[in-house]
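Working notes, beginning with the structure itself.
The values are calculated or read from the model by the stated rules, or taken from the named source; none is laboratory data. Because the structure is a prediction, the values reported are computed rather than measured. Protein only, heavy atoms only, side chains kept; ligands, DNA and RNA dropped before computing areas. Shrake-Rupley method; radii C 1.70, N 1.55, O 1.52, S 1.80 Å.
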Amino acid sequence: MSAVKTASIGRITENKQNGNCLFGQLPFFFIGKGFCEMKTETIAAIATGMTNSGISVIRISGKEAILVADRIFHAKGGRKLAEEKTHTIHYGTICDGDEVIDEVIVLLMRAPRSYTTEDTVEIDCHGGMYVTKKILETVIKYGASPAQPGEFTKRAFLNGRIDLSQAESVMDLIQAKNEFARKSSICQLSGILSREIKNIREAILHEIAFIESALDDPEHISLEDYPQKLHNIVDNLSIRLDKLLASSDNGKLLKEGISTVIVGKPNAGKSSLLNTILGEERAIVTDIAGTTRDVLEEQIQLDGILLNIIDTAGIRKTEDIVEKIGVDKAKQYVDKADLVIYVVDSSTALDENDEEIMELLREHKVIVLLNKSDLETLTTEREIRLRMGDNKQFCAVLSVSAKCRTGIEDFVKTIQKMFFQGEINMNEEITITNIRHKTALQEAISGLKLVEQSICDRMPEDFYSIDLMHAYESLGSILGESVEDDLVNEIFSKFCMGK
Ligand code: GDP
């Protein structure tokens, strides 16, 4: 199958040669979605989860969806779906010949008012996996083909109902693990990112058109003073793109979580603290030093922030082989982490093991938690600050008590301050959460920088068009224009079955 293809600068030249390249005739320049060769076969898949549940949904989409459904669906009133209006619900049975397979409700959505824009029939059946699979088998037996993962959404994209960034947001929404991920994907699905990208692209295209027209018709269209004007326009567009790009750092952390490692000497209270934050007894808590032998991974949600927490073995010099493996691993995790939480038992004095840990953390973002604040204090914030003094990254020291559950709020606020410059805005702002989009934005920005450079270097105007076109195409890839079939296939192959 061929995905969306577009012409590039070659197409402009072609139009120019045909004499169509006059300023104001933007349609001649307009690089649209190009052709897309569609699969016309009718596909079907189970759209709900692969476990027993109350109901399951089997989705059929394509030119023959209604015909296939009519071969197996017997409506109570005896009417065929082909006679029914779009967006109607029908009660009846699914049969293979004379054999009744299940009692179902069927939803009929005629093209183009459906998810894929094709004729679509959804069968709501009883949710047992056996009966659901049996219905799918029957649908396939009577004329549909099994759908590939993500094929329904791929059709919605290839049929032009949504662009590629919206299609990607469907998968993000399904995989959302927290409120931020849900909000940002639903925002992207609504087309808010696409609109901003389209507006910026239109502005770029307008300038390309102007330059090409002026070069074609220098007698009537002057380029005098134009470079300075273009410089200002490109500058403004770059600011808008930079803003989008800047959102990607927060976006990634909010969507995927902050990789966090808890370190500290045995018995400092790491496991207890993790349990306090998690609100349940996950790690084994004991007062025999060195119990947490391997690492323990947990995902926790703190006021919308996702922490991927790794509890490590207590770091100390040890002869115990099993424990040593855990200690070495802890050091490796620290090096990869976005954040290290260093738990200190404030009721005991610091020793050479603490010195070793602090040495290990010198180049990392650290929150030192002085735990056991309910007991008499032997290690103070001042002491920690003195020893951690030359930490180049952010370092905060807080008093907490895992036992009394105190200090956790300050801990959350500190994380917000460290990673999100204060309050996290989860509202209408566009946030880039997709690495593909981030790369495309970076390319577009560098294209615009080259335009500015060419202007400063007083290069001929056609140089501007080439780099403007590069920026235009890079942004187009976010929407799914100028992208290769392989990439489209790869994106949709990551979708779940039936979506
Ligand atoms: P880890 O080895 O660092 O994971 O330490 P644990 O979480 O297993 O805790 C070691 C001991 O310290 C246990 O007996 C805990 O009950 C105790 N403990 C942990 N946090 C606190 C605290 O805030 N106050 C007091 N008094 N005891 C604590």
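Key figures for this structure:
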| quantity | calculated |
| --- | --- |
| Where only C-alpha atoms are counted, convex hull volume of segment 43-158 per residue in Å³ | 89 |
| Segment 43-158 - percent of accessible surface contributed by carbon and sulfur, probe 1.4 Å | 56 |
| Residues whose placed amide H lies under 5 Å from that of PHE495, excluding near-sequence neighbours | none |
| Vicinal HN-Hα couplings computed from phi for segment 376-382 (Karplus, 6.51 cos²θ - 1.76 cosθ + 1.60; Hz; Gly/Pro x) | 5, 8, 10, 10, 9, 4, 4 |
| Residue-wise HN-Hα coupling along segment 200-206, computed from phi with Karplus coefficients 6.51, -1.76, 1.60 (Hz; x: Gly, Pro) | 5, 4, 4, 5, 5, 4, 4 |
| Relative contact order for segment 104-261, counting Cα pairs under 8 Å that sit 6 or more residues apart, in percent | 14 |
| Probe 1.4 Å, accessible area per residue of segment 43-158, Å² | 45 |
| Å³ per residue enclosed by the Cα convex hull of segment 96-241 | 165 |
| HN-Hα J in Hz across segment 49-61 - Karplus 6.51, -1.76, 1.60, θ = phi - 60°, x for Gly and Pro | x, 9, 10, 4, 8, x, 9, 10, 10, 10, 10, 10, 9 |
| Residue-span extension gain [CYS95 to GLU83] - 0.36 nm each, minus C-alpha spacing | 2.4 nm |
| Unsatisfied cross-links (Cα-Cα over 29 Å) in the set LYS63/LYS133; LYS85/LYS141; LYS265/LYS403; LYS177/LYS449; LYS331/LYS449; LYS255/LYS494 | LYS177/LYS449; LYS331/LYS449 |
